[in-house]
Amino acid sequence: MTETEICSALAQAVDAVHKKNPLAPSITNTVTQDFVANAQLAVGGSAAMLYLADECIQMAKVAPAFYINMGTAMPFYAETLPKTAQVLHENKTPWALDPVGIGLSNLRTDILKQFKNFAPTIIRGNASEIIALAKLWGLIEDVGGQVRGVDATEKVSSAKNAAIALAKFTGGAVAVSGEEDFVTDGNDKILCAGGSELSTKITGSGCALGGIMAIYLTVATPFIAALTATTMFNLAGTKAAAEFSAPASFKVNFLDNLYELTAQEVAENFRVPGSFEKMFNF
Amino acid sequence: MTETEICSALAQAVDAVHKKNPLAPSITNTVTQDFVANAQLAVGGSAAMLYLADECIQMAKVAPAFYINMGTAMPFYAETLPKTAQVLHENKTPWALDPVGIGLSNLRTDILKQFKNFAPTIIRGNASEIIALAKLWGLIEDVGGQVRGVDATEKVSSAKNAAIALAKFTGGAVAVSGEEDFVTDGNDKILCAGGSELSTKITGSGCALGGIMAIYLTVATPFIAALTATTMFNLAGTKAAAEFSAPASFKVNFLDNLYELTAQEVAENFRVPGSFEKMFNF
Amino acid sequence: MTETEICSALAQAVDAVHKKNPLAPSITNTVTQDFVANAQLAVGGSAAMLYLADECIQMAKVAPAFYINMGTAMPFYAETLPKTAQVLHENKTPWALDPVGIGLSNLRTDILKQFKNFAPTIIRGNASEIIALAKLWGLIEDVGGQVRGVDATEKVSSAKNAAIALAKFTGGAVAVSGEEDFVTDGNDKILCAGGSELSTKITGSGCALGGIMAIYLTVATPFIAALTATTMFNLAGTKAAAEFSAPASFKVNFLDNLYELTAQEVAENFRVPGSFEKMFNF
């Protein structure tokens, strides 16, 4: 896509969500549900969190998009997650996956292996998680390396090949979050800047980002959905950090900014101004 | 009740909670527990969230009121919820029900059908949920219509008959939340105004409203408890929206306002000033 | 320890966490996870919440410290909690326990009895909980008294002997939270002042305090870890209450203050200035 095409698509996505108030139900961790839901509402979407297999399946059949975040896995996830993903896949319903906690347990590994058959439309994670998932699915060579808890131990750039491999495999988009954010559909590759170090001092930024990607999946392609959400997060974070220097007041202002961002602002800021080439050819 | 009687009862309820710091334990969804608990604390109450059947039963035997919100149902709800409601009913302990998610699954339908025998003292929901519950219990004719996720698709006025039917059946009160709020015990019928559209942009407003209704059930009749909580929410929302125009700062200020509201303010504002007749004869 | 030694140890603990960003995984209640995690991040630590037995066991084997808060017990806690505590004990990994809800159910009683064999490194609770645990473990005489829900019904001073008995038994530290906070390792006994009544109007202050004690366990002795966390909480609360008089804005500012506190401030304020003797000889 050209820069002009991207700008136009981002603006359309922001406006469409503002207009339609689309619902993207979630199976997501108990720690950050409040933040995920409030972020989804702030951008103009609607939220509903669920756990039971039959409820998730029913919602997966009717919702325009879905979000699965593997955070605080509970015993019933073994049934709920694969069944939901299967229904989403069969119904060609777009869904965003956050494979947080990959490698922590056999249950997670088993679920994530099954997801390979159900093609998550967007995969969002930090560099460590994206690399680990590409390895688990046999898309890149496994040469060791580890995930520590829920935090990244790798740089975004180190996950470039893993992200591209995952995107080519799923036919969707992959977003690697970090100091800069890499978004790709396997062909287009964009490195986004902005945001704030303070977002690492509040819990759930990544979860919330995945949640609004799911909202944008209701109105845009996977690549544009991932890029719209990433750009909004970076913009809202940059603005909040200009006003506040501590994490809790930063978070309040960050959510307020998400609510107030316009289509035009998002379209104009999906990359660092003046560094288009670098960003585009990452 | 006359307007004067209502004003007096509201003021007494607000003061009594400030004085007694009453506990109303909850079984409530994982998304908005923080908001529910903080709202309960803000008005002067005390909060405790529980999941296990035997703990809920034990608390149901000793607590002065209870709150059940069906939000993020988990597998063990099949046992916990009906058993708790039964004990509440047997002990004549007042309890507030939020039937959020009604219709999402057989488990919810089954639990809600059982609740018909256990007479929730207050039922709070949006118009869609109140209509759905009245249909499920066979109190009004089922002529179709649907609930979408956790959001209302019906106007408050459309749920008037359903609310009255439910209140007459339970002998308690019903509150229908929306742009305006309808509170009834089957005889008295009040339409409350105020609040802010911004409360639809933060997750859990309805859950928190139900939670503080349970707090007021410890000191007031079901009708007055529902009306006190509704009035406080509308007042706190109106004030917050006058100060803040984005959702996260609105929420912080909203909770601060709940904490600061006085008995006199609540008593004087349970309806729109100057529109008493309309509000009272809705 | 002398006052000088304590001041020095507190400053070192604050700095070490700022430098190392240590992870202390948690099994903690669903109500206040967001607050716990954000408090842990604010002081410079890292957070990960878990539920599944095998994940908790795996993390217990590699994490430098752990936090178990019994809040909203779920059915699978029967397996997860004792197994995790056993692994922590076998690996000599320090861990902080918040026995909130003690006495609510047989499951809790059973789990807490098992914990007697696994020596929690720090036990933090309100006076009622500390007394109840010391009784449950047979360390003090059981002469009746009760815990109401999750709130304290006893004064901090009444739990002095129970706290000392628990600390001597575990060889770790015990912190009794209340209007003032008592921290002891069985030998040293410090009564800390500061904080704000407003912290009782927000849910999860105690949970968050336990969570950051676990963070400091990665860099300090149990006594110093408990004292560092307590001092930071009191300082952050005192400062927030000087700026804000309502609970939600207080909470935002409280977290901001946690983030901004320096080692020097903490070292200089672990007790009430001028009342050293009283505080030290409590």
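Readers should treat all values here as calculations from the given coordinates under stated rules, not as data from a laboratory. Because the structure is a prediction, the values reported are computed rather than measured. Virtual Cβ from ideal backbone geometry, glycine too; neighbours counted across all protein chains shown.
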Requested in this report: Compute the Cα gyration tensor for the stretch A:1-110, then decide on rounded, prolate or oblate, letting a ≥ b ≥ c be the square roots of its eigenvalues: rounded whenever a/c is under 1.5, prolate when a/b is larger than b/c in the other cases, and oblate in all that remain.
Outcome: prolate
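Per the helix-only calculation at 222 nm, which mean residue ellipticity applies to chain B, given -39500 (n - 2.57) for every DSSP H run of n ≥ 4 and division by its residues, nearest 500 deg cm²/dmol? Intermediate results must be reported in sequence, preceding the final value.
Numbers: 12 runs with 142 residues, N = 282.
Taking each H run of at least 4 residues, the total per residue is -15500 deg cm²/dmol.
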Query raised in the report: Out of A:F223, A:L50, A:A236, whose Cα points farthest toward the positive end of the dipole of the stretch A:3-280 (charges: +1 Lys, Arg; -1 Asp, Glu; placed on Cβ)?
Result: A:L50
Query - Pairs from B:K83/C:K155; C:K189/C:K251; A:K20/A:K116; B:K19/C:K155 whose Cα-Cα separation, in the structure shown, is over 26 Å - result: B:K83/C:K155; C:K189/C:K251; A:K20/A:K116
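Would you mind telling me the antiparallel percentage of the DSSP bridges in the stretch C:3-280, rounded to 5?
Once the DSSP bridges in the stretch C:3-280 are tallied, antiparallel ones form about 35 percent.
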Report summary line: Around C:S105 (Cβ within 12 Å, Cβ-to-Cβ, excluding C:S105; K/R +1, D/E -1) the net charge comes to -2
Report summary line: chain C, Gaussian network, Cα under 10 Å: of C:V87, C:V100, C:V176, the residue fluctuating most is C:V87
Requested in this report: Name the residues whose placed amide hydrogens come within less than 5 Å of the amide hydrogen of C:C192, ignoring near sequence neighbours (fewer than 5 apart) on the same chain.
Outcome: C:D181, C:F182, C:V183
Report task. Would you kindly state how much longer the chain becomes between B:S8 and B:S245 on full extension, computed as 0.36 nm times their sequence separation minus their alpha carbon distance, in nm to one decimal? Result -> 82.0 nm
Query - Cβ nearest the rotation axis (C onto A), residue from chain C and distance to the nearest whole Å - result: C:T30, 3
Report task. Give, rounded to the nearest 20 debye, the magnitude of the charge dipole that the protein assembly as shown has about its Cα centre when Lys and Arg contribute +1 at Cβ and Asp and Glu contribute -1 at Cβ. Result -> 1320
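Calculate the dipole size of the stretch A:3-280 relative to its Cα centre from +1 charges on Lys and Arg beta carbons and -1 charges on Asp and Glu beta carbons; express the result in debye to the nearest 20.
Roughly 440 debye for the stretch A:3-280.
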Query raised in the report: Between the DSSP loop rule and a limit of at most 10 other Cβ atoms within 10 Å, which trypsin sites (Lys or Arg not before Pro) in the stretch C:85-129 are left?
Result: C:K92
Query raised in the report: Separation of the stretch C:81-102 and the stretch B:200-221 by C-alpha centroid, Å?
Result: 36
Report summary line: Given Cβ charges of +1 for Lys and Arg and -1 for Asp and Glu, the option among C:T262, C:V87, C:L209 whose Cα lies farthest towards the positive end of the dipole of chain C is C:V87
Query raised in the report: Given label points at 7 Å from Cα along Cα→Cβ, what nm distances, shortest first, separate C:K168 from the same residue in every other copy?
Result: 7.0, 7.0
Query - ³J(HN,Hα) computed for each position of the stretch C:131-141 - Karplus, 6.51 cos²θ - 1.76 cosθ + 1.60, integer Hz, glycine/proline x - result: 5, 5, 5, 4, 5, 4, 8, x, 8, 9, 6
Query raised in the report: When each copy gets a label point 7 Å from Cα toward the beta-carbon at C:N117, what are the spacings between them in nm, shortest first?
Result: 4.2, 4.2
Query raised in the report: Quick one: label points 7 angstrom along Cα→Cβ at B:E3, distances to the other copies in nm, smallest first?
Result: 6.4, 6.4
Query raised in the report: By the gyration tensor of its Cα atoms, with a ≥ b ≥ c the square roots of the eigenvalues, what is the shape of chain C: rounded for a/c under 1.5, prolate for a/b over b/c, or oblate?
Result: rounded
Query - Charge sum, other residues only, whose C-beta stays under 12 Å from B:S8's C-beta, Lys/Arg counted +1 and Asp/Glu -1 - result: -4
**Report entry** Under 11 Å, Cβ to Cβ, from C:R124 - net charge with Lys/Arg +1 and Asp/Glu -1
**Finding:** -3
Report summary line: Within the stretch A:151-235, DSSP-loop trypsin sites (Lys or Arg not before Pro) with at most 11 other C-beta atoms within 10 Å are none
**Report entry** Per-residue Cβ neighbour rank within 10 angstrom, fewest leading, B:I57, C:I27
**Finding:** B:I57, C:I27
